[in-house]
Amino acid sequence: MSDAHEGERLQKVLARAGIGSRRVCEGLIEDEFVTVNGEIARLGRRVDPDIDSIEVDGVKIGTKPGLVYYLLSKPTGVVSTADDPQGRPTVVSLVPDTTRVFPVGRLDTDTEGLLLLTNDGDLTHRLTHPSFGVDKEYLAHVKGRPSRGALRTLREGVELDDGLTAPAKVSLLDPSLIRLVIHEGRNRQVRRMCEAVGHPVQRLIRTRIGPLVDHSLKSGEWRSLQPAEVRALERATADDDDD
């Protein structure tokens, strides 16, 4: 815990994290919406963002300086690693190299769509650990036209070589276009699920990660997350007891 006479004023740290203006942040503190290390904060409180755990209305905020968050629209042919022994292009090579970042989870080489890269280890853990159950949405262009029975199997769970998949949200948008929402992160899971019901994937695109959606981001493009988006990710994983 930081010394009360050291560090930065709490409202300044909250404002920098994108919660609102300093005046708004002061109001949140006065109304007892803000806690520091589990205790209700008071105006005048000083904090050390590297040490103190700060929450607004029960949601932890990312306040540490130096944290970056990039949302990338991954193209096909790019591997979801920081380095590749085979010399293939990596997702890390598509974003700024001013700060060392790592992909949150993976998309296989042939899969395209949204991928988050960051140096925030805590958020990475929350988004990738299966116990947090963060939804990922995909559009799968498949071979053939899935029957109602095939779609029902995808919804209820598919028996794969590493066990039964969890129930998924599945809808047929076009004769050969399926929208799937899953919260597990098994290797090539969507491809294996579709293969198992007799409809191999011909093209796969991830369109959503939890609350993150950006239909305007073109293949190969990236952007930094807005503070509100980082808070939304924190909120999406805030119910877990691993703190």
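The values are calculated or read from the model by the stated rules, or taken from the named source; none is laboratory data. Since we're looking at a predicted model, the values are computed, not measured. Because the Cβ atoms are built from the backbone with ideal geometry, glycine has one as well, and the counts that use them run over all protein chains shown.
Here Asp50 meets the list (1) of a type outside the set (Lys, Arg); (2) surrounded by 15 or more Cβ atoms within 10 Å (Cβ to Cβ); (3) out of contact with any Ser or Thr (no Cβ under 8 Å at 6 or more places or on another chain); (4) assigned by TED's automatic domain parsing to the domain that holds Glu30 almost entirely, failing just condition (2).
Considering region 101-127, and only residues there that are in contact with a helix residue (DSSP H, G or I) (Cβ under 7 Å, 6 or more places away or on another chain) and of a type in the set (Val, Ile, Thr), the residue that is farthest from Val59 (Cα to Cα) turns out to be Val101. In the set Glu195, Glu184, Glu137, only one residue is over 18 Å from the mean Cα position of the chain (by Cα) and either in the same structural domain as Ala82 (by TED's automatic domain parsing) or not hydroxyl-bearing (Ser, Thr, Tyr) (or both); that residue is Glu195. The condition of being surrounded by 15 or more Cβ atoms within 10 Å (Cβ to Cβ) and out of contact with any helix residue (DSSP H, G or I) (no Cβ under 7 Å at 6 or more places or on another chain) holds for only one of Ser224, Ser171, Ser219, Ser176, that being Ser176.
Within region 154-182, the residues that satisfy the criterion of being touching a strand residue (DSSP E or B) at 6+ places or on another chain (Cβ under 9 Å) and either over 26 Å from Thr128 (Cβ atoms) or aromatic (Phe, Trp, Tyr) (or both) are Leu172, Leu173, Asp174, Ser176, Leu177. Taking every residue in region 85-98 that is in the same structural domain as Ser224 (by TED's automatic domain parsing) and under 14 Å from Leu71 (Cα atoms) and pairing it with any residue that is part of a loop (DSSP other than H, G, I, E, B) and among the β-branched types (Val, Ile, Thr), at least 6 positions away or on another chain, the pairs with Cβ-Cβ distances below 6 Å are Val91/Val78.
The set of residues in region 1-23 being exposed (fewer than 13 other Cβ atoms within 10 Å of the Cβ), of a type outside the set (D, E, K, R) and either part of a helix (DSSP H, G or I) or without any contact (Cβ under 8 Å) to a residue 40 or more places away in the chain (or both) consists of Ser21 alone.
With in a loop (DSSP other than H, G, I, E, B), among the aliphatic types (A, V, I, L, M), out of contact with any Phe, Trp or Tyr (no Cβ under 6 Å at 6 or more places or on another chain) and not assigned by TED's automatic domain parsing to the domain that holds Val190 as the only criterion, which of Leu123, Leu114, Leu107 stands out? Matching residue, one of Leu123, Leu114, Leu107: Leu107.
In region 81-102, the count of residues that are among the charged types (D, E, K, R), modelled with pLDDT of 95 or more, surrounded by 13 or more Cβ atoms within 10 Å (Cβ to Cβ) and farther than 23 Å from Pro227 by Cβ is zero.
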